Amino acid sequence: MAKFAVILPAAGRGTRFHDKSYKKAFVPLANKALWLHSAERFLGRGDVVQTILAISPEDRADFNFKFSANVAILGIDVIDGGAERADSIQAALARVKPNVDYICVHDAARPCICDPWIDEIFAAAEKTGAAIFAIPVAGTLKRVGPNRRIVETVSRNELWEAQTPQVFRRDILLDAYAKRDGFSATDDAQLVERIGHPVTVIPGSPINMKITTREDLRLAEQALRALPKPKLGGAMNPFADDDKWR
Ligand code: CTP
Ligand code: MG
């Protein structure tokens with residue numbers, strides 16, 4: 001069985017989230033911290049041999065106070081992220097164990113993920129070396145200039161919106177980041193594309209939404225309920241004892 005490491009970037013500032021009490025990654029969603037929803041779906045898997053969570057150094061004291069017990073029990077490596085998302089991933093890559101075959105990156109801000117989707121994207125990465133979830137753009141796209149004047153309508157033909165998980169053969173992702181040279185990328189596939197390696201898109205689900213604003217949290221509560229049923233039982237399955245999931 002191929003071995004996977006999972007990197008969960010949670011070191012962002014959450015500037016669009018605007019909450020006085022919580023940083024985005026640590027806000028409660030259905031009675032559980034956002035990052036923990038994203039992490040738990042990976043932690044119970046036999047093919048995941050390492051989970052790395054990147055947090056901001058300024059959140060470390062608070063994080064340890066709240067979550068050190070979870071982290072110790074779950075065997076998560078918690079590292080300091082960087083100024084940009086790609087800096088956080090780069091810091092995590094330096095900690096990936098040498099026996100790992102594939103590296104999966106999944107935003108801590110995408111809590112509505114489920115087992116069949118992870119199975120699907122892991123299998124696609126094993127087949128192609130580089131696979132990401134994305135959804136075809138459904139709306140009409142406008143480029144908007146100064147004074148909110150529309151500059152042009154952009155054809156949505158061939159346009160997809162990237163999601164995570166994004167999964168890569170270890171050597172491909174390490175090579176992409178080694179050649180990053182400070183390049184500012186908002187996802188990992190972009191850096192792999194830059195080194196000329198093909199990346200396959202697997203159609204994702206709008207349920208796998210990213211939390212950006214506080215309003216998204218309300219939607220995410222509903223989205224959690226709409227997820228396909230988890231197939232794993234046992235202690236690692238956070239939903240195992242919850243009737244509403246059956
Ligand atoms: N992220 C990170 N390190 C950074 C920036 C982002 O680990 N320096 C993480 C975020 O914590 C999040 C994911 O990357 O889980 C996607 O980023 P985004 O949704 O943009 O979150 P933030 O950058 O925190 O939010 P904002 O852009 O509104 O400040
Ligand atoms: Mg951001």
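Observations on the model:
- Residue within segment 79-88 that is over 14 Å from the mean Cα position of the chain (by Cα) and part of a helix (DSSP H, G or I) present: yes
- Selection within segment 1-52 - among the small types (Gly, Ala, Ser), within 16 Å of Gly75 (Cβ to Cβ) and in a loop (DSSP other than H, G, I, E, B): Gly44, Gly46
- Of all the numbered requirements in (1) open to solvent by 30 Å² or more (accessible area, probe 1.4 Å); (2) within 16 Å of ligand 1 (Cβ to nearest atom); (3) modelled with pLDDT under 95, Gly14 misses one, and that requirement is (1).
- Checked against the criterion of being under 20 Å from Pro9 (Cα atoms), at pLDDT 95 or above and either touching a Phe, Trp or Tyr at 6+ places or on another chain (Cβ under 8 Å) or away from ligand 2 (no atom under 16 Å from the Cβ) (or both), the candidates Ala134, Ala138 yield just one match: Ala134.
Let's see how each residue does on (1) touching a helix residue (DSSP H, G or I) at 6+ places or on another chain (Cβ under 7 Å); (2) under 30 Å from Pro203 (Cβ atoms); (3) hydroxyl-bearing (Ser, Thr, Tyr):
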{"residue": "Lys3", "(1), (2), (3)": "no, yes, no"}
{"residue": "Pro9", "(1), (2), (3)": "yes, yes, no"}
{"residue": "Lys20", "(1), (2), (3)": "no, no, no"}
{"residue": "Ile52", "(1), (2), (3)": "yes, yes, no"}
{"residue": "Asp59", "(1), (2), (3)": "no, no, no"}
{"residue": "Arg85", "(1), (2), (3)": "no, yes, no"}
{"residue": "Arg95", "(1), (2), (3)": "no, no, no"}
{"residue": "Cys112", "(1), (2), (3)": "yes, yes, no"}
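- Within segment 19-31, the set of residues being over 28 Å from Leu173 (Cα atoms) and near ligand 1 (Cβ under 9 Å from one of its atoms) comprises Lys23 only.
- Considering segment 33-90, the residues that are within 16 Å of ligand 2 (Cβ to nearest atom) and open to solvent by less than 10 Å² (accessible area, probe 1.4 Å) include one that is nearest to Leu174 (Cα to Cα), namely Ile89.
- Checked against (1) within 14 Å of ligand 1 (Cβ to nearest atom); (2) within 14 Å of the chain's Cα centre (by Cα), Arg41 meets all criteria but (1).
- Counting only strands (runs of 3 or more DSSP E) that fall entirely inside segment 103-216 and contain at least 2 residues that are charged (D, E, K, R), the qualifying elements are 141-144, 160-169.
- Test: Ala94 is within 16 Å of ligand 2 (Cβ to nearest atom), open to solvent by 20 Å² or more (accessible area, probe 1.4 Å) and out of contact with any His (no Cβ under 7 Å at 6 or more places or on another chain): no
- Those residues of segment 97-110 which are away from ligand 2 (no atom under 16 Å from the Cβ) and surrounded by 20 or more Cβ atoms within 10 Å (Cβ to Cβ), in sequence order: Tyr102, Ile103, Cys104
- With respect to the conditions (1) within 8 Å of ligand 1 (Cβ to nearest atom); (2) free of Cβ contacts under 8 Å to residues at least 60 places away in the same chain, Met1 lacks only one, and its number is (1).
- Scanning segment 163-204 for residues that are free of Cβ contacts under 8 Å to residues at least 40 places away in the same chain and open to solvent by 40 Å² or more (accessible area, probe 1.4 Å) returns Asp171, Asp175, Ala178, Lys179, Asp181, Gly182, Gln190, Glu193, Arg194, Ile195, Gly196.
- Out of Gly145, Gly182, one residue alone is more than 23 Å from Asp115 (Cβ to Cβ), among the small types (Gly, Ala, Ser) and touching a strand residue (DSSP E or B) at 6+ places or on another chain (Cβ under 7 Å). It is Gly145.
The values are calculated or read from the model by the stated rules, or taken from the named source; none is laboratory data. As the structure is a prediction and not an experimental result, all values here were calculated from the model. Quick reminder, even Gly has a Cβ in these numbers, built from the backbone with ideal geometry, and neighbours come from all protein chains shown. The protein model used for the area step is the full one, side chains on, heavy atoms only, and it has no ligands, DNA or RNA in it. Shrake-Rupley method; radii C 1.70, N 1.55, O 1.52, S 1.80 Å.
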